[in-house]
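A short worksheet on the structure shown next.
The values are calculated or read from the model by the stated rules, or taken from the named source; none is laboratory data. Only a predicted model underlies this, so the values are computations on that prediction, with no experimental measurement involved. Cβ atoms come from the backbone with ideal geometry, glycine included; neighbour counts cover every protein chain shown.
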């Protein structure tokens, strides 16, 4: 562990994002996060299988990201077995995976839509005066 805990946003910006630059690796992390969330929903819908669900959740949720680091974005300094890292607690990486998923699938498209909506009146004014 580090001597002084970093704020999550600093960890996300300075540690997590530099280790997740390749689009395929990011896509695998997003897939794993969504698969894990779907697994939780499926488990809640079929509560009789909770023991199996608990055992398989780490595999379903984490394996795609680990595969991404193994095949796409390797790091000699950190290694491929990210669950054995001791420089930061595992929950920071899990939270960062969820933030990355939210940013790429929800926040970024919404920001682009908002920019488009803000510029729409100007485009309409220009279109009306041109002809």
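A few comments on the model shown:
- Residue match in the range 111-123 (condition: closer than 20 Å to residue 24 by Cβ and either out of contact with any strand residue (DSSP E or B) (no Cβ under 7 Å at 6 or more places or on another chain) or modelled with pLDDT of 75 or more (or both)): no
- Some residue of the range 89-96 being in a helix (DSSP H, G or I) and either surrounded by fewer than 11 Cβ atoms within 10 Å (Cβ to Cβ) or modelled with pLDDT under 85 (or both): yes
- Of all residues in the range 102-128, those that are on the phi < 0 side of the Ramachandran plot and surrounded by 10 or more Cβ atoms within 10 Å (Cβ to Cβ) have Cβ atoms under 8 Å from Cβ atoms of residues that are in a helix (DSSP H, G or I) and modelled with pLDDT of 80 or more, 6 or more apart or on another chain, in 104/26; 104/30; 105/30.
- Any hit, the range 43-60, residues being under 13 Å from the mean Cα position of the chain (by Cα), part of a helix (DSSP H, G or I) and at pLDDT 80 or above: no
- Residue match in the range 8-21 (condition: in contact (Cβ under 8 Å) with a residue 24 or more places away in the chain, surrounded by fewer than 15 Cβ atoms within 10 Å (Cβ to Cβ) and either assigned to a loop (DSSP other than H, G, I, E, B) or over 18 Å from the mean Cα position of the chain (by Cα) (or both)): yes
- For residue 74, the requirement of being under 21 Å from the mean Cα position of the chain (by Cα), outside any loop (DSSP other than H, G, I, E, B) and either at pLDDT below 90 or under 23 Å from residue 100 (Cβ atoms) (or both) is not met.
- Pairs meeting the criteria (first residue in the range 24-47 and more than 11 Å from residue 67 (Cβ to Cβ), second residue surrounded by fewer than 12 Cβ atoms within 10 Å (Cβ to Cβ) and modelled with pLDDT under 90, beta carbons under 7 Å, at least 6 apart or on different chains) are 43/50.
- Being surrounded by 12 or more Cβ atoms within 10 Å (Cβ to Cβ) and touching a residue at least 24 places away in the same chain (Cβ under 8 Å) is a property that does not hold for residue 56.
- Some residue of the range 18-28 being closer than 18 Å to residue 89 by Cα and in contact with a helix residue (DSSP H, G or I) (Cβ under 7 Å, 6 or more places away or on another chain): yes
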